[in-house]
Amino acid sequence: MAVESKELNERLQSLHRANELKLKAIPYMNRKEKIPTGFLLKDEYLQSRDRILTTFKATLEDWENWHWQMKNRITDLQILQELLPLTEQAAQDILEVGRTYRWAISPYYLSLMDSSNPWDPIRLQGLPRIEELLDLTGEEDPMGEAFTNPAPCITRRYPDRLIINVTNLCAMYCRHCQRRRNIGETDSHETRAQLQAALDYIRANPEIRDVLITGGDALMLSDLTLHWLLEELHSIPHVEIKRIGTRVPVTLPMRITDELCSILAQYPPIYINTQFNHPKEVTAEAKKAADKLISAGVVLGNQAVLLKNINDTPDIMIRLNQELLKIRVRPYYIFHAKHVKGTHHFIPKIENGLDIMEKLRGFTSGLAIPTYIINAPGGKGKTPILPQYLLSLDDEEATLRTWEGNIIHYPNY
């Protein structure tokens with residue numbers, strides 16, 4: 001009887017604890033239904049896609065062709081107004097900002113925009129706003145990349161890894177871009193000679209074991225050039241992994257072709273970090289692209305940028321990261337928006353980022369919890385920012401705060 005009583009008491013305590021946890025989960029479950037995702041808005045996407053195709057007199061086959069998407073990027077205000085209702089003031093602002101900062105949007109990404117909501121997170125990322133001209137604080141190159149390039153195309157901030165910047169071309173020019181100074185007025189890839197010089201630098205420095213190919217968007221390179229570059233890197237004995245920085249799974253998933261994937265599959269290990277910033281960007285098309293990349297042996301991660309009025313709340317970030325895990329993209333970083341000239345209106349408070357990290361820990365799986373990062377100015381590197389869980393530490397014990405706020409004393413031996 002004593003054993004049965006003990007088991008009953010344990011079960012009652014377990015049920016009580018389970019109910020406590022359930023009550024913690026319910027508020028978010030109720031709120032998340034108000035957060036749109038790409039999968040929930042599929043019908044709206046299809047309607048918008050068909051409207052764009054009609055305007056361009058194009059076919060579904062055209063839509064799935066990434067070359068068609070690039071050829072028909074929206075860069076003209078008149079065409080934009082045919083595709084998306086704009087107020088007279090919004091149109092004038094786009095025209096004025098466009099005189100200083102270039103803009104371009106792929107037809108696909110435009111199709112994700114809510115035509116009735118000027119504060120739609122997709123519109124905020126893709127359409128110029130007059131705020132870009134109102135606050136001139138910030139720097140053109142806050143990361144100090146001009147002072148960390150020991151060879152053509154190279155950015156080096158760490159002992160064992162570096163970046164090759166291969167192009168200024170993107171499927172869409174995000175309004176918060178950290179390298180908007182490089183966009184210019186024309187699209188251009190780095191020359192083969194410049195890329196060869198970067199490869200020569202890597203070969204001459206055997207401590208470099210990790211190379212990130214980025215831009216612009218690395219997957220804007222032709223298959224031929226990308227194949228050559230990956231082959232060259234793969235042939236360098238001390239280069240252990242190749243990484244690719246790209247936003248095309250978000251802005252142009254059609255770029256992930258079978259031909260591209262067959263190239264990527266030849267040069268493992270390849271890691272691709274992309275940038276989903278809002279659950280609306282996680283669509284069936286993005287999943288199709290992710291599935292292809294995973295089948296090619298690519299490991300996928302996400303580097304979200306924390307952006308004011310777009311994703312700077314715990315609910316949106318939880319929803320985003322859970323949606324990403326459903327398409328097998330692992331949340332990797334949340335970057336605090338950098339102080340780039342013309343982007344001040346996107347920069348949230350650091351407290352917002354810490355609050356998000358507080359609400360992620362314990363309320364969702366560790367797989368859905370990225371590292372919150374502030375990039376130190378001047379190319380000093382990534383600095384992780386975390387809520388304070390270690391309250392004190394001495395030779396005898398550590399005092400810790402749990403995700404629920406409980407204080408515990410843990411022996412230090």
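Below is a table of values for the structure above.
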read-out	value
Only one of 327, 373, 316, 347 that is crowded, with 16+ Cβ neighbours inside 10 Å, under 21 Å from residue 388 (Cα atoms) and either assigned by TED's automatic domain parsing to the domain that holds residue 286 or under 16 Å from the mean Cα position of the chain (by Cα) (or both)	373
Filter pass, residue 249 being part of a helix (DSSP H, G or I), at pLDDT 95 or above and not hydrophobic (A, V, I, L, M, F, W, C)	yes
Which numbered condition residue 285 fails, given (1) surrounded by fewer than 19 Cβ atoms within 10 Å (Cβ to Cβ); (2) under 18 Å from residue 217 (Cβ atoms); (3) of a type in the set (Asp, Glu)	(1)
All positions within the stretch 105-145 that are more than 18 Å from the chain's Cα centre (by Cα), modelled with pLDDT of 95 or more and hydrophobic (A, V, I, L, M, F, W, C)	119, 130, 133
Matching residues, the stretch 398-413, being among the small types (Gly, Ala, Ser) and on the phi < 0 side of the Ramachandran plot	398
Search result, residues across the stretch 384-413 that are assigned to a strand (DSSP E or B) and under 22 Å from residue 334 (Cβ atoms)	384, 390, 401
Complete set of residues in the stretch 97-140 that are surrounded by fewer than 19 Cβ atoms within 10 Å (Cβ to Cβ) and in a helix (DSSP H, G or I)	98, 131, 133, 134
The stretch 39-83, residues that are of a type in the set (A, V, I, L, M), touching a residue at least 60 places away in the same chain (Cβ under 8 Å) and in a helix (DSSP H, G or I)	70
Complete set of residues in the stretch 69-96 that are closer than 20 Å to residue 169 by Cβ and touching a Pro at 6+ places or on another chain (Cβ under 8 Å)	69, 72, 73, 74
Selection status of residue 231, surrounded by fewer than 19 Cβ atoms within 10 Å (Cβ to Cβ), in contact (Cβ under 8 Å) with a residue 40 or more places away in the chain and either of a type in the set (A, V, I, L, M, F, W, C) or more than 27 Å from residue 305 (Cβ to Cβ) (or both)	no
Residue within the stretch 84-96 that is in a loop (DSSP other than H, G, I, E, B) and either in the same structural domain as residue 187 (by TED's automatic domain parsing) or buried (at least 17 other Cβ atoms within 10 Å of the Cβ) (or both) present	yes
Test for residue 240: is it surrounded by fewer than 21 Cβ atoms within 10 Å (Cβ to Cβ), in contact with a strand residue (DSSP E or B) (Cβ under 9 Å, 6 or more places away or on another chain) and not β-branched (Val, Ile, Thr)	yes
First in the stretch 196-216 and closer than 12 Å to residue 239 by Cα, second anywhere and among the acidic types (Asp, Glu), Cβ under 7 Å, 6 or more apart	199/232; 207/160; 208/160; 209/160; 209/240; 210/160; 210/240
Residue check, residue 216 within 30 Å of residue 136 (Cβ to Cβ) and at pLDDT below 95	yes
When residues of the stretch 27-38 are limited to those that are surrounded by fewer than 10 Cβ atoms within 10 Å (Cβ to Cβ) and in a helix (DSSP H, G or I), the one farthest from the chain's Cα centre (by Cα)	30
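The values are calculated or read from the model by the stated rules, or taken from the named source; none is laboratory data. Bear in mind the structure is a predicted one, so any value in this text is a computation, not a measurement. No Cβ is skipped: glycine too gets one built from the backbone with ideal geometry, and neighbour counts run over all protein chains shown.
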